[in-house]
1. When region 144-174 is examined, which residues are found to be in contact with a Gly (Cβ under 9 Å, 6 or more places away or on another chain) and either in the same structural domain as Gly56 (by TED's automatic domain parsing) or acidic (Asp, Glu) (or both)?
2. Looking at region 164-210 only, could you name the residues that are among the charged types (D, E, K, R), in contact (Cβ under 8 Å) with a residue 60 or more places away in the chain and closer than 18 Å to Tyr267 by Cα?
3. Can you pull out every residue in region 153-169 that is modelled with pLDDT of 95 or more, among the charged types (D, E, K, R) and in a loop (DSSP other than H, G, I, E, B)?
4. Which one is surrounded by the most Cβ atoms within 10 Å (Cβ to Cβ) among residues in region 170-210 that are assigned to a loop (DSSP other than H, G, I, E, B) and charged (D, E, K, R)?
5. Could you look through region 228-242, keep only residues that are under 18 Å from Tyr267 (Cα atoms) and charged (D, E, K, R), and pick out the one that is surrounded by the fewest Cβ atoms within 10 Å (Cβ to Cβ)?
6. Only one of (1) closer than 28 Å to Gly230 by Cβ; (2) in contact (Cβ under 8 Å) with a residue 60 or more places away in the chain is not met by Thr113, so which one is it?
7. For residues in region 37-70 being in contact with an Asp or Glu (Cβ under 7 Å, 6 or more places away or on another chain) and among the charged types (D, E, K, R), which is farthest from Ser223 (Cα to Cα)?
8. Give the residue that is nearest to the chain's Cα centre (by Cα), with candidates limited to residues of region 171-205 that are closer than 19 Å to Arg244 by Cα and among the hydrophobic types (A, V, I, L, M, F, W, C).
Amino acid sequence: MPELPEVETVVRGLRGSLVGRRIVSVRFGKTDFIEDPVALGEQLPGSRIARVERYGKFVTMALEPLADSREPFHLFIHLGMTGQLMPRKPYEPVAPHTHAFVELDDGFELRYTDIRRFGQMKLVPQEQISSFQGNLGRDPLEISARQFIDEIRARRARIKALLLDQGVLRGMGNIYTDESLWRAHIHPARLGAHLREPQLSGLHRAIRRVLSAAIRLRGSSISDYLDAEGRPGEYQSRHRVYGRKGKPCPRCRTPILRVVVAGRSSYFCPRCQPAPRSRRHR
């Protein structure tokens, strides 16, 4: 599933081609991933794309209606597991499983392709935007070390579950959580409330470094992810633990293990990231 670096890469690729463009028309194939396809079909045509941004794992477009009497609104797009957003000329071949076509006033059309249709599209009126965003936590690239420490230590849950909780940190996912915990020498099953402040400060730094490096390399292409220009990411070549079960840890050469924590596959080094005492004892 695309995580913060992949979504940020897509957003940066879309800004140059979408900002300032007016939407001419919209047409859909399958619509089961769209909250209200009728509303999209009625409100998108004629609106102008004022901004393209990332909010957590969502691509967001701030839209200005053509009619002055209508309030601005926002289009939120979640890429799910296999979603792709790419501007294309109408004559270019249409990829299989392309379910949304947004025609723009410059002759391009923004196409949304999603094999498994686990993505999401929804319109959020301007007056509801604070309520919608309020359900999500802080951005891991914006939260301060003090805020991060206080947030984690206030919750009695495993650190892996806390980092994946979008109500705590919006945008984190399985890949970058495992990579960050490895860098910080923290086992994924440790309780957040039991971690010391120096450990959490180190984890805060690790998260920022991992995410920033992944953005520079346009994210990780594990299966279906491509950026807005149709290019795969390159950060998968930098993974230290994720997907590397049985391979040697880059630090100590101990074989990487895989366990399930918080319902998700978790990759870690048993030597660099010692398990909680009770777990080691068992």
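The values are calculated or read from the model by the stated rules, or taken from the named source; none is laboratory data. Owing to the predicted nature of the structure, the values given are computational and were not obtained by experimental measurement. Cβ: placed from backbone, ideal geometry, glycine included. Neighbour counts: every protein chain shown.
1. Glu151, Asp165
2. Within region 164-210, Asp178, Glu179, Arg190 qualify.
3. Result: Asp165, single match.
4. Taking region 170-210 and keeping what is assigned to a loop (DSSP other than H, G, I, E, B), we get 170-173, 184-190, 195-196.
Then keep just the ones that are charged (D, E, K, R); that gives 170, 190, 196.
Values: Arg170: 22, Arg190: 20, Arg196: 10.
Out of the qualifying residues, it is Arg170.
5. If we filter region 228-242 for residues that are under 18 Å from Tyr267 (Cα atoms), which is where we start, we get 235-242.
Filter once more, so that each one left must be charged (D, E, K, R): 238, 240.
Details: Arg238: 13, Arg240: 18.
Here the residue is Arg238.
6. All conditions are met except number (2).
7. Arg48
8. Filtering region 171-205 for residues closer than 19 Å to Arg244 by Cα gives 173-189.
In the following step, the residues that additionally are among the hydrophobic types (A, V, I, L, M, F, W, C) were identified as 175, 181-182, 184, 186, 189.
Details: Ile175: 11, Leu181: 18, Trp182: 20, Ala184: 21, Ile186: 22, Ala189: 23 Å.
It comes out as Ile175.
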